[in-house]
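Note sheet for the following structure.
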Number of protein chains: 2
Amino acid sequence: MTKRKTLIDVATAAGVSKMTASRALRGDRDVSAASKERVIKAAKEIGYFGNNLAASLSSERSDIIGVVVPSLTNIVFPQAMSGVSDALVGTGLQPAFGVTDYDLDREYEVVGRMLSWRPAGMIVTGVDQSAPTRQLLSEAGIPIVQIMDSDGDAIDSIVGFSHRAAGTEMAQALLKKGRQRFGYIGCNLQSDLRAGRRRQGFEDALRQSGLNFEASLTRECLSSVGDGRALTQQILTENPDLDCIYYSNDDVAFGGLCYCLHSGMGVPDRVALSGFNGLGILQGFPGLIATSTTLRRDIGHAAADIIVGSLKAAKRASQTIIMQPQTLLGALDETP
Amino acid sequence: MTKRKTLIDVATAAGVSKMTASRALRGDRDVSAASKERVIKAAKEIGYFGNNLAASLSSERSDIIGVVVPSLTNIVFPQAMSGVSDALVGTGLQPAFGVTDYDLDREYEVVGRMLSWRPAGMIVTGVDQSAPTRQLLSEAGIPIVQIMDSDGDAIDSIVGFSHRAAGTEMAQALLKKGRQRFGYIGCNLQSDLRAGRRRQGFEDALRQSGLNFEASLTRECLSSVGDGRALTQQILTENPDLDCIYYSNDDVAFGGLCYCLHSGMGVPDRVALSGFNGLGILQGFPGLIATSTTLRRDIGHAAADIIVGSLKAAKRASQTIIMQPQTLLGALDETP
DNA sequence: GCAGGTATCGATACCGGTATCGATACCAGT
DNA sequence: ACTGGTATCGATACCGGTATCGATACCTGC
C-alpha cells in the first residue's frame, strides 16, 4: 500500500501551509475564498480523508458518542441504537456501539475502553452500573445519559421509565379485568434486571389484592419464541386453572400465544397473555396479547438529543425524561 | 472536572520516567519486575485509563475493527454483529459499528469516517459498495471482509453465500414438492438488494420449469410481520389459486402464516409459505414455514477471525468462505 | 582487574493534526 | 504620507502517547 495522504500533502498540492489547509477543510474563518477552494479541490483530488486520531488528540475532543448496550440479540436494543443513530445524522457526531452481554465487569471494560477514545458523550443502558463504572463515567467530564430505566440513581441524565411501575400498572389493569389466577414465565432473568423489576412491580400489585403468582417458570433461554411456547405448554399443563400469564417480554409471550392457538385454547377469554415492549411481532395476531408499549427509538433519539444539546450549550444540564409506557390490553379491553 | 490523568502522572507517582511507565503498562520487555509492579499499582491508584488517541496516533495502529451494516432493525445484522463481538473478546480488538440505512452515499461517508480512525480491519455488509467506497477500502491497507453475500466481486475477503443460488434452490425444492402456482411478497426490495437477488434466483428456477410468479406484491414496509399478514390477505384474496408464496424473508412470511392460521387456510397443504433466514420466530409454529437457514452469527465470527488471523500473520491473505444456507422444508417435507 | 555482554532505563524525536499568536499586506480615514 | 484596523496566512508549540537508540549499571569469564 502507498503511504497514506496527510494534511501536508494537501497543503503542498494547494500551495499553502498545512495550517491554512487545516482551516480550509474545517471551514474555519481566516481563510480567503480562493485558498479555501483550492485546498478543498486538492484534498478531493488526492483522496485525503483526514486522521481523526491526530485531530482529536490535538483538539482534546472527538465527535464520537459512545453507546453501550447489554445485548444485540434482543431487538429492543438495536432499536434504541437506531434512534441514537438517526438523531446524530447531520450533527457531525458519530455513534460508536459497545456490547456488554449483561456482564458488569465487561461493562466496566467496555466503558473504560470507550472513554479512552475521548468521546464527546456517552449513552449507557440501565441504571445498574457497578460503582467503578459509575465513577469512570462521572469523572469523564462529558454528558452521560442512562437510558431505558429510571428505577435508580442518575449519573447525569436519564431517559427511560420505571419498569417496576410498568409491571404494577399491567397487573392492576389485568386485575380490573377480573383475572385472578396468575402465572409467570421469564427468560434470562439472571441478567435482565429490568425484567426482574417488572415482575416485582407486578407481584406488588397482586399482593395488594391478596394474590400471588400461582406458578412461575424461569429459565435461561436461547430462542425466546420457541422457549415461550414450550414453557407455556408446561405451565398450563401443570396449572390448568391459570387465567392469566405474565411474561418477561413480548417474544416469550408470543411463543405462548402460538402454543395456545395451536392447542385451541381461547385467548384472551380462557387465558390472558401479557408481555412487554409492544414489539412488531404482536401484529401477527393483533390485540391478542396485552403489552406495555415502550418507545425504544424515541428514547435513543432523546438521549442523543440531550447530548447534542449539552454539547452545544457547553455545559452539563442534567435532566431526567420519563417516557411512560402505555398499557395496551387489546382484545381483553373489550371484555367486561 | 479535574484534569485527566496522563501517563506522566503515573510515571511521577511510580518514580520512573514516562517511557518506563508506558512499557510497564503495555507489558513490553525491558522493564524490571519491581518497576513494573510499582507502575501498575500507581496506575490503578490514580485511576489512569490511557488515551487511545495518542497511543494509536503514535504507533500507527489501533485496536478497532470497523463493522458496517445497513440496518439495525432487521435482526439478522445485529446477530452478525454479535458474532463479530464474540470473536473479538479476548483478542484485545474492539468492534466499532456503523449504520448506513441501505444508502450508498451514507455508506461512503460511514466508511470514510471509520477509516479516519485508522482501524486495524474492516467488515462491511454485502458486495454492492459504490466504486469510491471500494477504492477507499482497498487503499486502506488493512484487511477487509465483506459479509453476508458472495454474489459479487471481492475487495479482499468474503464470508457469505449466494443469495441468488439460495433462491434457486428453494424454488427447486418447492417445485419438486409439486407446487405450481407461485406468488411473491416482498418488503423493502428497493434497498435490500440481497432479497432482490433471492427473488431473481427463485424466478430463474421457475422459468426453467416454464413457470413464473402469478402474482407479486412488493412494498416498503414498517412492521414486517404486520405487513406480511396484510399483503398475504391481499394476494390470496386476489389470487385464490396460489399454492405457494415466496417471501422476502421470514418475518414477512411469518405474518403470512398468521393470516393463514387466522383464516383457517391449511398450511402447508393448501398453500405453502417460504421465507428466508431461519429466524427464531419460526419456532412459534415449528415446521410450517419453509426457509433457508443462514448462519449469521457464524458469518460474523468467521469474518472477525479472518481479520484477527491476518493481523497476526501480518500479511493480507484474501480468502472467500462460503457458508451455504440450508433449505428446510419443514412439514412440507412430509408431503409426497 | 578488565573486556564484553545483558538488563534496565531515559532523552529525544516523532505521529498528524489544531491552537495561538505574531507577521504581512492591504485598505480606509485624516 | 501616516496611523490604525482588518483580512489572510504561517511558524511554533503543543496534545499524550510510542519507537529508537544511547547511557548506565551490573554481571560474567578469563
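What follows is calculated from the coordinates using simple rules that are stated; it is not laboratory data. Just so we're clear, the structure is a prediction, and the values are computed from it rather than from any experiment. We place every Cβ from the backbone using ideal geometry, glycine too, and count neighbours over all the protein chains shown.
Numbers for the structure displayed
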{"item": "Rg ratio (alpha-carbon, reference 2.2 N^0.38 Å) - segment A:107-197", "result": "1.39"}
{"item": "Inter-copy spacing of B:PHE49 label points, which lie 7 Å from Cα along Cα→Cβ, given in nm from shortest upward", "result": "2.8"}
{"item": "Whichever aspartates and glutamates have a C-alpha closer than 13 Å to that of A:LYS176, once near sequence neighbours (fewer than 8 apart) are set aside", "result": "A:ASP333, A:GLU334"}
{"item": "Angle in degrees between helix A:193-208 and the longest Cα principal axis of chain A, rounded to the nearest 10", "result": "30 degrees"}
{"item": "Contact order normalised by residue count of chain A, Cα under 8 Å, 6+ apart, percent", "result": "16 percent"}
{"item": "Formal net charge of residues neighbouring A:LEU242 (Cβ-Cβ distance under 14 Å; K, R +1; D, E -1)", "result": "-2"}
{"item": "Degrees, to the nearest 10: A:163-176 long Cα axis against longest axis of chain A", "result": "30 degrees"}
{"item": "√(5λ) per eigenvalue of the Cα gyration tensor, the protein assembly as shown, largest first, Å", "result": "46, 34, 22"}
{"item": "13 Å beta-carbon shell around B:GLY284, net charge (K/R +1, D/E -1)", "result": "-4"}
{"item": "Cβ neighbours within 10 Å from other chains - mean over A:283-290", "result": "5"}
{"item": "Overall dimensions of chain B by Cα: Rg and Dmax, Å", "result": "25.4, 84"}
{"item": "Shape category assigned to segment A:163-293 from the gyration tensor of Cα positions, a/c cut at 1.5", "result": "rounded"}
{"item": "The protein assembly as shown: Cys lacking any partner C-beta under 4.7 angstrom", "result": "A:CYS244, A:CYS258, A:CYS260, B:CYS244, B:CYS258, B:CYS260"}
{"item": "Ranking of B:ASP105, A:ASP151 by count of other Cβ atoms within 10 Å, fewest first", "result": "B:ASP105, A:ASP151"}
{"item": "Exam field: B:GLN208 pseudo-label spacings to other copies (7 Å along Cα-Cβ), nanometres", "result": "6.5"}
{"item": "Nearest-first distances (nm) between copies at B:ASP269, label 7 Å from Cα via Cβ", "result": "2.5"}
{"item": "Qualifying trypsin sites (Lys or Arg not before Pro) in segment B:173-272, DSSP loop, other Cβ atoms within 10 Å at most 14", "result": "B:ARG270"}
{"item": "Positive dipole terminus of the protein assembly as shown, leading residue within A:ALA171, A:GLY92, A:TYR246 (C-beta point charges)", "result": "A:GLY92"}
{"item": "Residue-count net charge about A:GLY160 - beta-carbon cut-off 15 Å; Lys, Arg +1, Asp, Glu -1", "result": "-2"}
{"item": "Angle between chain B longest axis and helix B:296-313 axis [Cα atoms, degrees, rounded to 10]", "result": "30 degrees"}
{"item": "Out-of-range pairs (alpha-carbon distance over 18 Å; input A:LYS18/A:LYS312; A:LYS5/A:LYS41; A:LYS5/A:LYS44; A:LYS36/A:LYS312; B:LYS18/B:LYS41)", "result": "A:LYS18/A:LYS312; A:LYS36/A:LYS312"}
{"item": "Label point at A:GLU60 placed 7 Å out along Cα→Cβ; residues across segment A:131-174 whose backbone nitrogen lies under 18 Å", "result": "A:139-143"}
